[in-house]
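The values are calculated or read from the model by the stated rules, or taken from the named source; none is laboratory data. All values derive from a computational prediction rather than experimental measurement. Note that each Cβ is placed from the backbone with ideal geometry, even for glycine, and that neighbours are counted across all protein chains shown. SASA here: full protein model, heavy atoms, side chains in, ligands and nucleic acids out. Shrake-Rupley method; radii C 1.70, N 1.55, O 1.52, S 1.80 Å.
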Amino acid sequence: MKLKAMYSFLNTDLHAVEQELETAIQSDYSLLSEAALHLLQAGGKRIRPVFVLLSGKFGDYDIHRMKYVAVALELIHMASLVHDDVIDDAQLRRGRETIKAKWSNRFAMYTGDYMFARSLELMAHLENPLAHRILAHTIVEVCRGEIEQIKDKYRFDQNLRCYLRRIKRKTALLIAVSCQLGAIAANAANDISERLYLFGYYVGMAFQITDDILDFIGTEEQLGKPAGSDLLQGNITLPVLFAMEDHRAKEKIIQVTPHTSADEMKEIISLIKQTGAIEKSYAVSDLYLEKAFRVLETLPKNKARSTLYDLAKYIGKRKF
């Protein structure tokens, strides 16, 4: 089943979210609006808004409340992408020029900051201090994840714990909080929102690990950037950590710099695949997904629960 078909019953509400997202990025400064719209129009799976809406189905669901939470979470995600592209000196995002490439690093940083600020403004529609604290804490942790990514670039001696902590802050936390805040916005019971947070965390970890695998096995057309881009930018991901257990592969990997040629990267990617690192990484992703499925079994049975199951399964098996 295709991704969007899994939650097609949410189409009307997702359209409302998309409209609110377009409204949210508007600014009196036209260039800022243009830059934000440039990223928005590049597309995206809108996974975080989907998790918000599905989690809201475990409580008193009202799209007029839910949409503000969904947009706030998507704006944080978008802001982190803009900042990531500056950190990574990335020229392409989803096959289009990045904001930093089209305008400048400085302008991109302020655009990302603007999106963070707008997310906090939107959450003000929800009169719940706990939700505000959670969102503010999430922005803090996402920023810490970005700082860690800078610190860890080309640091080939990092361990598995460093990697897992980094992807928790950069990816898993935002998906976990999307589920948690969706439930809170719908006034679901505390134990429900806590379990949904756990589910989102496990799914988020699997999501990022799968992303990191696809960076080596996906095509440029699928990824919107050349294969191996993460490693070329100095990001040490799970397949790289596993591959470096092989002495021959490690010797090649630790020589990677921003100036490594495309032919050299092809050779390194081939070596990484030969070490079994891809299979080992999938095994770790599967462990997180199994934990997510176990949490789901404790939630009330409804259409949202079965859709969350399908989404989690898709995330672990997706090809791009």
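A few points about this structure:
- Counted charge near S27, where neighbours are those whose Cβ lies closer than 15 Å (Asp, Glu -1; Lys, Arg +1): -4
- S33 accessible area, assembled protein chains, probe 1.4 Å, Å²: 10
- Label point at I217 placed 7 Å out along Cα→Cβ; residues across the stretch 245-278 whose backbone nitrogen lies under 14 Å: 270, 272-278
- Dividing the summed -39500 (n - 2.57) terms of all DSSP H runs of n ≥ 4 by the residue count of the chain sets its mean residue ellipticity at 222 nm at -22500 deg cm²/dmol.
- When the Cα positions of P258, T210, G276 are compared along the charge dipole of the stretch 200-319, T210 comes out farthest toward the positive end, with charges on each C-beta of Lys, Arg, Asp and Glu.
- If you sort K291, K100 by accessible surface, 1.4 Å probe, largest first, the order is K291, K100.
- On the chain, 52 percent of the accessible area sits on carbon and sulfur atoms, based on a 1.4 Å probe.
- Mean projected area in nm² (Cα convex hull; one quarter of hull surface) for the stretch 91-142: 4.4
- Among the GluC sites (Glu not before Pro) within the stretch 260-320, those in coil by DSSP and having at most 11 neighbouring Cβ atoms inside 10 Å are E297.
- Between S27 and E264, the FRET efficiency from the beta-carbon distance, with R0 = 56 Å, is close to 0.85.
- Here the stretch 13-116 has an Rg and Dmax of 14.2, 44 Å, counting Cα atoms alone.
- Annotation for the stretch 156-240: chymotrypsin sites (Phe, Trp or Tyr not before Pro) lying in DSSP loop with at most 16 further Cβ atoms inside 10 Å of their Cβ are F156.
- Computing FRET efficiency as 1/(1 + (r/R0)^6) for E194 and R144, where r is the C-beta to C-beta distance and R0 is 22 Å, gives about 0.45.
- Heavy atoms of E18 accessible to a 1.4 Å probe, total area in Å² rounded to 10: 60
- Short to long, the 10 Å bins of the Cα pair-distance histogram for the stretch 206-320 hold 14, 40, 26, 14, 6, 0 percent of all pairs.
- Cα-based Rg of the chain normalised by 2.2 N^0.38 Å, two decimals: 0.98
- For the stretch 188-195, the Karplus equation 6.51 cos²θ - 1.76 cosθ + 1.60, evaluated at θ = phi - 60°, returns couplings of 6, 4, 4, 5, 5, 5, 5, 5 Hz by residue, with Gly and Pro reported as x.
- Sites L37 and Y314 - FRET efficiency at Förster radius 30 Å, r taken between beta-carbons, to 0.05: 0.60
- Calculated log₁₀ intensity ratio I(q)/I(0) where the Debye formula runs over C-alpha points of the stretch 247-308, q = 0.13, 0.21, 0.29, 0.30 Å⁻¹: -0.57, -0.84, -1.13, -1.15
- The stretch 24-133: chymotrypsin sites (Phe, Trp or Tyr not before Pro) in DSSP coil with no more than 11 other Cβ atoms inside 10 Å: Y29
- Measuring how big the stretch 142-247 is from its alpha-carbon positions, Rg and Dmax come out at 15.9, 54 Å.
- Cα extents of the stretch 109-170 along the three principal axes, largest first (Å): 46, 26, 10
- Measuring between their Cα centroids, the stretch 3-33 and the stretch 54-115 lie 12 Å from each other.
- N159 paired with E251, simple spin-label distance in nm, labels 7 Å along Cα-to-beta-carbon: 2.7
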